[in-house]
Structure formats: C-alpha cells, structure tokens
Amino acid sequence: MAPLLAGITFVTFSLTKALPGDPVYGMVAERSSPEIIEKIRKELGADKSVVRQYAGYVTLLAKGELGRSYFTNREVMADISVKFPNTMRLAFAAMLIAAPLGIFLGFISAKNKGRAADRIITMLSVSGISVPVFWSGLLLMLLFSLRLRYLPPSGTGGIRYLLLPALTLSLPALASLVRVTRVTVLDVIQMPFVRTARAKGLSEAGISLIHVLKNALIPVITVIGLEFGSYLNGAVLTETIFGWDGLGRYAMEGIIKRDYPVIMGCLLIGTIIFISVNLLVDIIYHFIDPRVRLHGSER
Amino acid sequence: MKRADLPIFFCLCLFFLSACSTGDRREGHLHVRLNVNPTTLDPAHIVDVTGGIIAAKLFNGLVRLDESLEIIPDLAESWDISPDRTVYTFHLRRGVTFSNNREVTASDFKYSFERILDPAGKSPNTWVLDKIAGADEYLKGKAGSVAGIEALDAYTVRLRLAKPFSPFLNLLTMTAAYVLPQEEVGKRGNDFSAHPVGTGPFILTEWKHNNRLVLERYEGYYDKKAKLKGIVYRIVPEDLTAVVEFELGNLDVISIPASEFRRFRESAKWKDLISSMPGINTYYLGFHCGRPPFNEPKARKAVSLAIDREKILATYYENRGRPAAGPVPDLLRRWASPEPMPYDREAAKKMIRETGLQGRPLWFYVTADQEVIDIAEIIQDYLEKAGLIVRIKQLEWSAYKAAINNGEADMFWISWWADYPDPENFLFPLFHSSNHGPGGNRTRYTNKTVDFLIEAGQMALNIPGSAKSYERAEKIIVEEAPWVFFWHKTDFTLRQPFVRNYKIYPIYSIDKGLEVSF
C-alpha cells in the first residue's frame with residue numbers, strides 16, 4: 001500500500017498543480033495589489049518550485065498531518081474527521097437499502113423471467129439507472145417533506161435527516177444491483193449442479209437460497225463494493241440537495257476554490273478508502289467462494 | 001459471514017445511523033438561510049459577503065453605517081477631523097466590553113489595525129487600512145509599528161493619513177476595521193475564526209461546518225440589546241431545498257431564488273411578505289481595452305449599441321433591477337445620471353463595418369453558472385445579428401478569475417458589489433490605471449484624465465468637491481465605454497408572517513440584527 005500511496009500523492013499533486021486557476025485570486029477576492037498577492041503566495045509557499053512544494057507536502061504527510069485549508073485556515077485532518085463519519089453513515093444507510101432490496105428484486109425478476117413481475121422490475125431498474133439523483137432527490141423531498149411532512153428536507157443529523165438522502169443515493173445502486181443479480185441468477189439456474197440439487201429432491205426454496213443465490217453473489221458483491229467505495233468518497237449532488245455535510249461537498253468546494261491542501265487531503269483519504277474497500281471485497285470473496293484463495297499457492 | 005455475525009453487523013449499522021442528532025427550531029431564534037458556509041469569521045481574512053453578514057453581528061468598529069448610508073458613531077461616540085482631512089481623532093465610548101467581559105480601550109484598535117497590516121500575516125484586506133501613514137513601512141517589515149495609529153489615552157484613538165482620502169470613514173465601517181481582543185487572538189491563534197470574540201450584539205455559540213451556526217444574544221452589549229434571543233444560520237446550498245424548508249416553516253427568511261420569484265409574487269399568501277432593496281452593484285460586460293480590437297473606443301461602442309439591455313432586464317429578469325447608465329449605482333450617484341447608450345442595431349452594424357470587427361472571432365469569457373450562461377447566450381445572439389462572431393468560453397470561478405486577471409479574454413461578464421457606499425468604490429478600483437488585473441481594473445482601461453479626476457475626488461476636502469470630480473470621471477468613462485453597462489440588481493427576500501420589523505439593507509454591515517423580532 002505504501003508505494004501505491006506514494007504514487008498517488010505524486011500523481012494527484014501534479015494534477016492539482018496543473019489545474020488552471022490560482023487560489024490566491026480567490027483569497028484576495030475582488031481587489032488587491034500585486035504586492036499583497038505576492039506576499040500571500042510567499043506565506044503559502046506557492047512561490048517555490050513545484051518539486052520543492054511536493055517535497056514539503058510529503059514531509060508534512062510523514063508527520064501525519066494534512067495541512068490547513070488556504071481559505072478557512074482550519075486543519076484539513078480535523079475537517080475530514082468530522083465529514084468522513086457523516087459520509088460513512090450516508091453510505092451505510094444507502095447500501096442498507098440498496099443491497100437487500102436490489103438482490104431480492106433481482107432474484108424475483110430472474111425467477112419470473114418473461115412474466116409481468118420481471119417486466120415491471122426491469123422497467124423500474126432501467127429508470128432507476130437513468131434518472132439523475134438531483135431529480136429523484138427533489139421529487140422525494142417534495143413528497144416526503146413538503147406534502148407528507150414526515151421527514152426534514154435538509155440538514156445533517158440523526159436518522160430522520162438521513163433517510164431522504166440515503167434513499168436518493170441508494171436508487172442508482174439499487175437499480176444496478178437488480179440488473180446484475182437478475183443476469184447472474186439466470187446464469188446460475190442453468191448450471192448442472194442446480195439440476196443435480198433438484199434431482200436430489202431438495203426444496204425449491206433451499207435450492208434458491210443455498211445453491212443459486214450463494215453462487216450468484218460474487219458479481220453482486222463486486223458491484224456492492226464498487227458502489228460503496230464511491231459512496232465513501234462522497235456524493236456531491238445528494239449532499240448538496242439535502243445539505244448533508246459530507247466529504248463530497250467538502251472536496252468539491254476545495255476543487256472549485258483550488259484549495260490545494262483540501263483537494264490533496266480528500267484524494268488521499270479517498271484512495272485509502274477505495275483500496276481498503278476493494279481489499280475487503282476480496283476477503284469476502286474468499287468466504288463466499290472457496291475457489292477464490294487469498295494465497296494462490298495454497299491448494 | 002457466519003450467521004451469528006449478522007445481528008452484530010446490523011447493530012453496528014444502526015449505531016452509525018442513529019449517532020448524533022440535532023434538534024429542529026430554537027425558540028426565540030430567527031432562522032436564516034445561508035447558501036454557503038462562511039469561509040472564515042476572522043475579520044482579517046473575511047472577503048465574502050456571508051462572512052461579513054455574520055461578522056457584523058459579532059463585532060463592532062469605530063463607526064458604522066445607518067440605513068440611509070450615512071456614517072454614524074459605533075464604538076467611537078464622536079470624532080474630530082483636522083482641516084486638512086489627514087488626522088482623525090476618535091473618542092471612544094466608555095464601558096464597552098468584549099464578550100469575555102473586558103473593556104475595550106484605544107490600544108485594542110491599535111492592535112486590531114496592525115494585525116491586518118502585519119508583515120507576517122496573510123490578510124487580503126490590507127487595502128482597507130493602508131492609507132494610514134506608516135502602513136507601507138510596517139507592511140514591508142521596515143517599522144516596528146504603524147506610526148499613524150496612536151492610542152493617545154485609554155479612550156482616544158488617533159489615525160493619521162499619508163494624504164487626504166475622502167471615503168476614509170467609509171473604510172472604517174468594513175469588516176477588516178472591527179476591533180478584536182488581543183488576548184483571545186493570542187490564545188486561539190489560527191483557530192480564532194472558530195472561536196471569535198468581539199463586542200457585537202451576538203456571540204457565536206455553535207458552528208457546525210457546512211451545517212449551521214448558532215448565535216446567542218450578548219447581554220452585555222453596549223447599545224440597546226437585540227430583541228431576538230439568537231439567530232440560527234442554516235447552510236442550505238440548494239435553492240429549491242431552501243424554498244421547501246421555508247414553506248415548512250423551518251426558515252424564517254430566505255432570499256427568493258429567481259425560479260420561484262413569480263410564484264411568490266403572485267401568491268396571495270406571500271406577496272405582502274416580500275421585501276426588496278435596490279442593491280449597490282453594477283453588472284457589466286468588460287472589454288480588454290489594452291489590445292486590438294477593443295483598444296478602439298469605437299469598437300466597444302459598436303458592441304454596446306448592438307445589445308438591447310432593457311429588453312433583457314424586462315424579460316429575463318422580469319425587471320428585478322434597474323438599467324445602468326454608467327458604472328456608479330444610482331443609489332450612490334450625487335449628480336445627474338449620464339445619458340445611457342441606446343440600442344440601435346443599424347448604427348451598430350455600420351460601426352462594426354467601419355472598425356473591421358466583423359469576420360474575426362471574439363472570445364467572450366463567462367463563469368459556468370446557469371444564469372450567466374443564459375445571459376451570455378442572449379448577448380451572443382444580439383451580437384451575431386449585428387454581424388459579429390462571438391465564441392463563449394465557460395470556465396469555473398478560479399480558472400475564470402485567473403484568465404480575466406491575466407487579460408486572456410476579449411470580453412467578459414462580471415459584476416461589482418459595493419465594499420462601502422461611496423462612488424469612489426465604483427471608480428478607483430475599476431478604472432484607475434494603477435489597478436490593472438487583480439486590483440479590479442480587469443479591462444486594463446487607461447486614461448490619464450480619469451486617473452487624475454479619481455485622485456482629485458479622493459483628495460477632495462468635502463463631498464460636493466469629490467462628487468464634481470467623480471461626475472466628470474464617470475462622464476468620460478461612459479463616453480469611452482470600457483464596459484457595456486448592464487444593470488443594478490435588486491434583492492428580494494421573503495419572510496414568515498410572524499417575523500416583525502424585518503428589513504433588508506443595501507450593505508450587509510448595516511444589519512446588526514437589533515430590530516427584528518417575533
């Protein structure tokens with residue numbers, strides 16, 4: 001992981017610096033003399049060469065720090081440690097809705113292939129993938145907040161605040177899980193071992209649960225892992241619509257203002273999360289499918 | 001996963017879901033929407049309006065503005081100005097305390113002002129105070145303190161200017177000139193912004209980044225106390241979400257998003273609860289006056305003539321603004337308005353042919369904001385009908401700003417909002433040749449006579465004197481047309497029926513939150 005991180009810091013640092021725009025122009029707002037701009041650049045260390053700036057950043061990282069935001073002067077680490085748990089709660093909640101429901105509907109759809117239930121579920125899942133969250137989010141808000149008055153429309157807080165953004169965020173993942181589950185279950189159903197199980201006289205429910213679903217889970221878990229990894233890096237649109245204080249909005253604001261320490265901090269944390277989630281998915285594969293070995297030589 | 005692990009997993013999930021919850025409304029508190037998190041609440045670093053709105057509730061300066069934009073006493077109860085307008089002596093009120101209960105004295109002002117000008121600091125607001133004698137030397141690290149800032153005794157502050165500057169008192173109403181307690185800044189250092197301590201009518205008690213800020217009334221405020229118990233600022237980035245929050249009664253005041261304006265104005269329930277205020281701002285299209293083709297005033301005028309600005313204002317904005325005749329907003333102009341440039345497509349076509357503008361693509365830079373893009377496309381259409389080729393280039397804010405500061409664009413769309421209510425604020429930064437680029441003069445307009453007139457206005461000993469110079473400067477600027485002057489926008493807010501004495505102010509620093517009540 002260490003060489004990967006070193007590579008990531010180098011690539012992200014160069015990309016960030018290559019962006020057009022200058023954070024100092026944002027800091028001084030609408031009027032400032034060239035001397036003041038130079039002075040602030042010097043304070044930020046932006047007058048040094050990019051190589052020296054990178055060296056400075058790596059030294060900072062080695063001390064376990066992410067620096068302070070150019071604009072708010074707050075510690076990036078402290079900000080991320082507030083926003084990451086929020087993002088995590090949103091991601092967990094969205095997955096808690098999407099995963100069971102998606103697998104269930106996909107399974108139903110596959111079992112009823114070609115029938116009305118399958119057609120309806122397929123149609124809904126296609127629209128779930130196609131509808132952008134800023135539209136579905138606003139509709140859900142109008143329904144549950146304005147009309148029914150069940151849930152608050154925005155804010156960061158407890159479960160009441162969480163439900164709407166989580167539901168909104170879960171929709172695209174829910175839809176793709178339905179589709180993946182349907183396809184893989186249809187594949188597995190035709191396998192010889194399912195026929196064998198039937199011939200052994202097992203109940204249909206037992207076959208579905210133990211033989212079909214378990215064997216169909218690998219691609220499903222891959223999709224869950226990918227979606228979850230991206231949720232953990234923040235969901236800008238959902239967070240913006242519902243005023244949720246997560247990593248996505250934080251990173252986006254950093255990018256818009258060219259707040260380099262914030263951008264770097266978010267990218268770094270994001271990378272670590274993504275790698276960890278993928279690692280976790282690999283470990284889960286091993287438990288679900290004994291053919292997948294953590295050590296290739298073990299046989 | 002073993003079956004026994006599942007319940008534990010779900011318990012963990014539930015724990016995450018239910019962790020920390022926040023209450024809804026706070027009794028006696030005004031709930032106001034902000035669309036962004038204030039960047040900082042440290043007066044040395046505030047450059048955004050959102051920060052300024054909140055800082056006005058937490059801090060005070062020597063003087064402040066009243067609703068009619070006149071300078072009135074704040075922490076200084078009176079002041080004397082020397083006949084040559086270079087020495088300002090302020091007599092402080094006694095018994096004014098910071099919210100840590102310490103009395104404000106003259107040395108606090110010296111400390112606070114020098115903090116802005118600190119050679120080791122990175123305050124972008126040095127321009128507010130750099131007119132004071134000795135500020136330059138101090139900024140460059142050549143002096144141990146600013147010679148022109150003196151605490152004569154505990155209750156007298158004397159500020160000496162290097163040369164007369166007619167809007168100087170206006171500068172002192174700004175965020176950067178608020179007074180801060182040295183001991184608190186010393187204690188908090190870089191984190192003063194998160195724990196601001198001032199003399200204002202409110203105290204910050206909670207700041208959940210990107211979520212909300214809570215202000216409580218300061219009982220020891222020197223003047224009459226606020227009627228509200230406090231103010232809750234909720235950060236709601238999305239306009240439509242804010243409208244839903246408002247309709248549910250979770251917000252008491254919102255500014256009306258353009259898309260919802262007509263609905264509220266035509267609603268019997270809401271139309272009487274709309275407040276409006278002509279804003280002190282000017283929206284304009286700027287030309288790069290430093291290179292062809294727009295170094296020719298005739299070419300700039302041709303573009304100006306080709307656009308029907310009043311029509312755009314009437315249709316696209318449903319007249320939520322006033323047409324601009326020149327750069328100075330109508331509220332600040334103490335002289336007759338210049339003759340606005342008419343809309344005349346035929347005359348424009350003729351001038352375009354004469355100047356050879358046709359046939360070459362003109363780059364029009366705009367920010368990637370839907371409203372701005374709409375306006376840019378309307379302008380593009382007008383100009384193409386007059387025979388020009390216009391290429392729109394959208395950039396997001398940081399890249400856009402760097403591009404126009406560096407003079408990449410032939411034409412660009414931007415606005416200017418008052419820092420303080422003096423015509424000088426709409427002339428010196430925007431048209432004086434010393435401010436090319438990031439100083440504010442992004443058109444790189446250069447005219448020695450205009451420079452001289454603006455400087456004369458700054459040095460004038462009285463308001464009529466400065467107005468005379470500014471009037472002449474504005475006349476020349478309108479004739480030479482470095483901008484196409486579009487409009488001054490009007491702000492609209494909507495309040496709940498139970499909010500009383502609510503007012504909308506032309507400049508955020510005026511609003512100390514003292515009058516509004518339930």
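Coordinate-derived values only; no laboratory data. Not measured: the values here are computed from a predicted model. Note that each Cβ is placed from the backbone with ideal geometry, even for glycine, and that neighbours are counted across all protein chains shown.
Some points to look at:
- Beta bridges per DSSP with both ends in chain B, % antiparallel, nearest 5: 75 percent
- Karplus-derived HN-Hα couplings along the range A:182-193 (A = 6.51, B = -1.76, C = 1.60, θ = phi - 60°), whole Hz, x at Gly and Pro: 4, 4, 6, 5, 4, 4, 5, 4, 7, 5, x, 5
- Candidates per trypsin sites (Lys or Arg not before Pro) in the range A:54-158, loop by DSSP, up to 12 other Cβ within 10 Å: A:Lys63, A:Arg115, A:Arg149
- For peptide A:35-41, the mean count of partner chain Cβ atoms within 10 Å of a residue's Cβ comes to 5.
- Sum of -39500 (n - 2.57) over DSSP H runs of 4+, divided by residues of chain A (222 nm, nearest 500): -23500 deg cm²/dmol
- The calculated P(r) of the range A:2-62, using every Cα pair and 5 Å bins from 0, goes 4, 15, 23, 22, 16, 11, 5, 3, 1 in percent.
- Alpha-carbon centroid distance for the pair the range B:359-404 / the range A:1-67, whole angstrom: 30 Å
- Note on the range B:281-490: Cα Rg divided by 2.2 N^0.38 Å, N the number of residues, gives 0.97.
- Within 10 Å of the Cβ of each residue in B:43-51, the mean number of Cβ atoms contributed by other protein chains is 2.
- Folded to 0 to 90 degrees: helix A:34-44 orientation relative to chain A principal axis, Cα: 60 degrees
- Ranked by the mean number of other Cβ atoms within 10 Å of their residues, highest first, the peptides B:393-405, A:235-247, B:32-44, A:40-52 fall in the order A:235-247, B:32-44, B:393-405, A:40-52.
- Eligible lysines near B:Lys385 by straight Cα distance, threshold 22 Å, same-chain separation 8 or greater: B:Lys298, B:Lys301, B:Lys311, B:Lys349, B:Lys350, B:Lys393
- Qualifying trypsin sites (Lys or Arg not before Pro) in the range B:256-304, where qualification requires a DSSP coil assignment and no more than 13 other C-beta atoms within 10 Å, comprise B:Lys269.
- The label-point distance for B:Asn100 and B:Lys448, in a model that sets each label 7 Å from Cα toward Cβ, rounds to 5.4 nm.
- Descending principal axes extents, the range B:44-97, alpha-carbon based, whole Å: 37, 28, 25
- Angle between chain A longest axis and helix A:260-288 axis [Cα atoms, degrees, rounded to 10]: 20 degrees
- DSSP bridge pairs, the protein assembly as shown: antiparallel proportion in percent, nearest 5: 75 percent
- Computed over chain A: relative contact order in percent, which uses C-alpha pairs under 8 Å that are six or more apart: 24 percent
- Max-minus-min Cα coordinates of chain B on each principal axis give 75, 75, 52 Å, with the largest extent listed first.
- Taken one residue at a time, the phi angles of the range B:142-156 give Karplus couplings (6.51, -1.76, 1.60, θ = phi - 60°) of 8, 9, x, 8, 8, 4, x, 10, 10, 9, 5, 8, 4, 10, 10 Hz. Gly and Pro are set to x.
- Degrees, to the nearest 10: A:2-18 long Cα axis against longest axis of chain A: 60 degrees
- A helix-only calculation puts chain B at -8500 deg cm²/dmol for mean residue ellipticity at 222 nm, using -39500 (n - 2.57) for each DSSP H run of at least four residues, averaged over all residues.
- Each principal axis of the Cα cloud of the range A:95-156 was evaluated for its coordinate range; sorted largest first, these ranges are 41, 20, 20 Å.
- DSSP-defined antiparallel bridges as percent of all bridges, the range B:281-490, nearest 5: 60 percent
- Each peptide in B:246-258, A:10-22 was scored by the mean count of other Cβ atoms within 10 Å over its residues; highest first, the order is B:246-258, A:10-22.
- Residue-count net charge about B:Leu169 - beta-carbon cut-off 14 Å; Lys, Arg +1, Asp, Glu -1: -4
- Residues in the range B:295-310 carry Karplus couplings, in order, of 6, 8, x, 5, 5, 5, 5, 4, 5, 4, 5, 7, 10, 8, 5, 5 Hz; the curve used is 6.51 cos²θ - 1.76 cosθ + 1.60 with θ = phi - 60°, and Gly or Pro positions show x.
- Size of electric dipole in the protein assembly as shown: Cβ of Lys, Arg +1 and of Asp, Glu -1, about Cα centre, debye, nearest 20: 2380 debye
- Proximal aspartates and glutamates to A:Lys48, defined as alpha-carbon separation beneath 18 angstrom and excluding residues fewer than eight positions away on the same chain: A:Asp22, A:Glu35, A:Glu38, A:Asp259
- Prolate/oblate/rounded label for the range B:75-128 (Cα gyration tensor, a/c 1.5): oblate
- Computed over the range B:58-188, the ratio Rg/Rh where both radii use C-alpha atoms and Rh is Kirkwood: 0.94
- Tensor-based shape of the range B:150-245 (alpha-carbon gyration tensor, a/c under 1.5 rounded, otherwise prolate or oblate): prolate
- Amide H partners (placed H, <5 Å) of B:Val96, local residues excluded: B:Val104
- Normalised by 2.2 N^0.38 Å, where N counts its residues, the alpha-carbon radius of gyration of the protein assembly as shown equals 1.08.
- Tensor-based shape of the range A:76-298 (alpha-carbon gyration tensor, a/c under 1.5 rounded, otherwise prolate or oblate): oblate
- Within 10 Å of the Cβ of each residue in B:206-213, the mean number of Cβ atoms contributed by other protein chains is 5.
- Comparing B:Asn210, B:Tyr178, B:Gly230 along the charge dipole axis of the range B:171-245, the residue lying farthest to the positive side is B:Gly230, per the Cβ-charge model.
- Amide H to amide H, with H built 1.01 Å from N, B:Arg64 comes under 5 Å of B:Ile72, B:Asp74, counting only residues 5 or more places away or on other chains.
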